[in-house]
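Novice: What follows is a structure written as structure tokens; I'll ask about it next.
Here, each number is a calculation from the coordinates, and none is a lab measurement. Please read all numbers here as calculations on a predicted model, not as lab measurements. No Cβ is skipped: glycine too gets one built from the backbone with ideal geometry, and neighbour counts run over all protein chains shown.
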Amino acid sequence: MQPDDYDAWYDTPRGRWIGETEYALATRGLAAQPGDSLLDVGCGTGWFTRRAAADKLVVTGLDPNAAWLDFARAHSSPALRWVEGDGRALPFADASFDHVLSIAALCFIDDERQAVAEALRVARRRFALGWLNRSSLLYWQKGRHGGSGAYRGARWHTAREVRALFAGLPVKNLKLRSAIFLPSGSGSATWLERGVPKTLPWGGLLLASGEKT
């Protein structure tokens, strides 16, 4: 998939709804304030990075794909910082950012446990890391048999598996929430999303959030 095609999907009604719903779940977990610094790991074309910058966070996007970062630079304010790098060995000092964000990106990285440890290493305060949920309707639509489209090659996890990635790491108040219970983006999907508790682990995105100790 080309970066312009991927980013354009977020301009469709369904893509915008999914993106905004996932971002709202992440912001609830981060509880960031304007002026806080944020690292977006696996930023891709930078949709979530730009969205966070619109909320007046000081944002850095990191991704291993140079072409996708070129797209991100070309479609964002010069105030945003873009860094090419590996989520398993982040090129930043300890506690470099107030918060660390990652939305459905670590599931494409070999050794997710190492990527989680690195995200926590560079965080000072809070984190919100999202995975694709194997216990979801989205998995049955897009994740089986190696995945399709933008989901090809991703690993899908249960809530128990996501919790296990944090075992023994310096975190407290770890919470798992989910979103995108009906991925169609229809009126019934948006209605259901408003009413279903985010603590139910059946949404397409599983988000782990908490504090760095």
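Novice: Assuming a ≥ b ≥ c are the square roots of the Cα gyration tensor eigenvalues, decide whether the range 8-85 counts as rounded (a/c under 1.5), prolate (otherwise, with a/b larger than b/c) or oblate.
Specialist: oblate
Novice: Give the shape of the chain as rounded, prolate or oblate, defined through the alpha-carbon gyration tensor: a ≥ b ≥ c are the square roots of its eigenvalues, a/c under 1.5 means rounded, and otherwise the shape is prolate if a/b is larger than b/c and oblate if not.
Specialist: rounded
Novice: Okay, next question. List the residues whose amide H sits under 5 Å from the amide H of residue 157, counting only those 5 or more places along or on another chain, with H placed 1.01 Å from N in the peptide plane.
Specialist: 132, 133, 134
Novice: Please compute the length gained on full extension between residue 184 and residue 67, using 0.36 nm multiplied by the number of residues separating them and subtracting their Cα-Cα distance.
Specialist: 39.2 nm
Novice: Another question, then. Once R0 is set to 22 Å, what does the formula 1/(1 + (r/R0)^6) return for the Cβ-Cβ distance between residue 158 and residue 113, expressed as a FRET efficiency to the nearest 0.05?
Specialist: Between residue 158 and residue 113 the formula returns 0.90.
Novice: Okay, moving on. Suppose the chain between residue 194 and residue 211 were pulled fully straight at 0.36 nm per residue; how much longer would it get relative to their current alpha carbon spacing?
Specialist: Stretched fully, the residue 194-residue 211 segment lengthens by 3.5 nm.
Novice: Determine, for 190, 27, 213, 45, the number of other Cβ atoms within 10 Å of each Cβ, and report the residues in order from fewest to most.
Specialist: So the ranking, lowest neighbour count to highest, is 213, 190, 27, 45.
Novice: Given +1 on the Cβ of Lys and Arg, -1 on the Cβ of Asp and Glu, and no further charges, what dipole in debye does the chain carry about its Cα centre, rounded to the nearest 20?
Specialist: It works out to roughly 820 debye.
Novice: Between the range 9-28 and the range 161-175, how far is it from one alpha carbon centroid to the other, in angstrom?
Specialist: Between the Cα centre of the range 9-28 and that of the range 161-175, the gap is 25 Å.
Novice: Toward the positive end of the charge dipole of the range 3-212, about the Cα centre and with charges on Cβ (Lys, Arg +1; Asp, Glu -1), which of 106, 131, 43 goes farthest?
Specialist: 131
Novice: Can you tally the lysine pairs in the chain where the Cα-Cα distance is under 24 Å and the two residues are eight or more apart, or on different chains?
Specialist: 7
Novice: Once you sort the root eigenvalues of the Cα gyration tensor of the range 92-203 as a ≥ b ≥ c, which label holds: rounded (a/c under 1.5), prolate (a/b larger than b/c) or oblate (the other case)?
Specialist: It is prolate, given that a/c is not under 1.5 and a/b is the larger ratio.
Novice: Give me the distance in nm between label points sitting 7 Å out from Cα along the Cα-to-Cβ direction at residue 173 and residue 95, one decimal.
Specialist: 1.8 nm
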